[in-house]
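The values are calculated or read from the model by the stated rules, or taken from the named source; none is laboratory data. All values reported here derive from a predicted model rather than from experimental measurement. So basically every Cβ, Gly included, is an ideal-geometry build from the backbone, and we count neighbours across all protein chains shown.
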Amino acid sequence: YTQSSQLAREKMAKRKLSVLHYAVKGKRIVLCDDSIVRGTQILHKVRDLKKAGAKEVHVRIACPPLMRPCDFGVSTRSYEELAARRYFKTGNITSMEQLTDLEARIANEIGADSVKYNSIDGFVAALGIPATDLCLMCFNGKNPTEEQ
């Protein structure tokens, strides 16, 4: 969602999901998304599902938490825009305890019953491309154009 302002992103988020109330009322929903960047889109999805009567809404994210802005073209200009960085300001997540804490905080922010992110290893495995051939800088802070 590359809208120019937060208000425009929120309006776009509201238009992207139509909830069929009869299909979700009283159900436990697992909502899958590719990523949580700012948190705008997923917050509205969870809110709409709960408003429609979903008993629980659990969120599963295909990529790891975005920990830094992209230097190569994705429209996140600052650390403050990233949902994960609002709660984990020190850099990379290095333990399961840190990840679990972050997931609980994000779940609370967006109103979900739970949030689970994919790990970097799980993400790379799902892509089927060697990690050495991927840019993972937004997840791990390692710039692929610099020698490590």
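Descriptive notes on the structure:
- Of the helices (runs of 4 or more DSSP H) lying entirely inside region 60-146, those containing at least 1 residues that are over 19 Å from residue 33 (Cα atoms) are 83-87, 96-110, 137-140.
- Residue that is under 18 Å from the mean Cα position of the chain (by Cα) and either charged (D, E, K, R) or at pLDDT 85 or above (or both), where the choices are 10, 56: 10
- Selection status of residue 53, surrounded by fewer than 19 Cβ atoms within 10 Å (Cβ to Cβ) and assigned to a helix (DSSP H, G or I): no
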